[in-house]
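The values are calculated or read from the model by the stated rules, or taken from the named source; none is laboratory data. Worth saying up front: this structure is predicted, and the values here are computed from it rather than measured. For neighbour counting, all protein chains shown are included, and Cβ atoms are generated from backbone atoms with ideal geometry for every residue, glycine included.
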Amino acid sequence: MKKTFTYTYSVLRYRHDTLAGEQVNVGLVFHSPDGRFSDFKARHTYGRFSAMYPDLDGDAFKLTLRAIERGLSKIAEKEGSNLFAELSDAAALGRRALPQDDSSFVWGEQGSGVTTNPATEFASLFERFVTLYDKEKKLVRQDADVWRPVRDMLVSRGISNRLQKKVITSSVDRVEFDHAWKNGAWHVVEPLSFDLASEDTIKDKARRWVGQLTTVSKNSEEFKPHFIVGKPSSEDLMPAYKAALKILKASPVAPDIVEETNILALVDQMEDDIRHHESEPRS
């Protein structure tokens, strides 16, 4: 039987008009002393709220949320393991960074529960309480849309049928790529659309790919990944996009990051590699 951990949580709410009392959820603080896990997460985009409140000061909104995040991070860094011994619930932790007052940001009533995985439970609660009703939940552009112009260029050069699927396998995992070619080492290419709904989903997509590459970084075949990346439609999300590129570059296999404006150079390399490989004498 799996071990279970108790937890408490409190939702951070924004009141645009403190007299009217209307509130929207913008963050979540989570605390599990026996699971030795605490976290706080806030939304960093405000598109839905700017539609609700046309006079919303977006910059001040984001700065306040980031200040609360920094405050809670400093508390965790300063107190370390004492955080789990001295604080019994999420509400107490939240009030350390943001005392209850008449400001626009307030903590909601505390909830509690039991879980086998505090980190997973925290992520689930954040989606449920903070991002569930975001209007944009799907990609504006799919990964296939990022790949399409590359495919068209390969077709025009008569080499699209030279690409093949390739599975990179290690002792702990396997990752399949739909587009690969060989020139000495294997080269695998993956289109990634970062035209997503929020900063969190953009960064999480990059983190997932770094995780996959890490699990197959130690394998018997040398390979070089190439990511063709598509930027967000919203300028507000460009900082998150740039952060996602840095996350990808931090992978232990040093992937090549190609933005859509630079696909010609990648296609030229693909053609040169493929034709060179085909011209080599077979042993």
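Of all the listed residues (D200, D204), the sole one being surrounded by fewer than 17 Cβ atoms within 10 Å (Cβ to Cβ), closer than 20 Å to T45 by Cα and among the acidic types (D, E) is D204. In segment 13-34, the residues that are surrounded by fewer than 16 Cβ atoms within 10 Å (Cβ to Cβ) and of a type in the set (S, T, N, Q) never reach a residue that is at pLDDT below 90 and not in a loop (DSSP other than H, G, I, E, B) with C-beta atoms less than 8 angstrom apart, at least six apart or across chains. Among the residues of segment 210-234, those that are under 19 Å from the mean Cα position of the chain (by Cα), among the aliphatic types (A, V, I, L, M) and not in a strand (DSSP E or B) comprise V210, L213. Among all positions in segment 235-242, there is at least one residue which is of a type in the set (F, W, Y) and in a helix (DSSP H, G or I).
Against the definition (over 20 Å from Q164 (Cα atoms), polar (S, T, N, Q) and buried (at least 21 other Cβ atoms within 10 Å of the Cβ)), how does S193 come out, yes or no?
So S193 fits the description; yes.
Filtered by the rule that a residue be loosely packed, with under 13 Cβ neighbours inside 10 Å, in a helix (DSSP H, G or I) and either of a type outside the set (A, V, I, L, M, F, W, C) or touching a strand residue (DSSP E or B) at 6+ places or on another chain (Cβ under 6 Å) (or both), segment 243-277 gives K246, T261, N262, D268, D272, H276. Report, ordered by the first and then the second residue, all pairs with beta carbons closer than 8 Å, sequence separation of six or more or different chains, a first member in segment 104-120 that is at positive phi, and a second member that is of a type in the set (A, V, I, L, M) and at pLDDT below 95. Note: no pairs meet the criteria. For E127, indicate whether it is part of a strand (DSSP E or B) and either surrounded by 14 or more Cβ atoms within 10 Å (Cβ to Cβ) or out of contact with any helix residue (DSSP H, G or I) (no Cβ under 7 Å at 6 or more places or on another chain) (or both). The answer is no for E127.
Condition test on S193, is it closer than 28 Å to A42 by Cα, out of contact with any strand residue (DSSP E or B) (no Cβ under 9 Å at 6 or more places or on another chain) and polar (S, T, N, Q)? The answer is no for S193.
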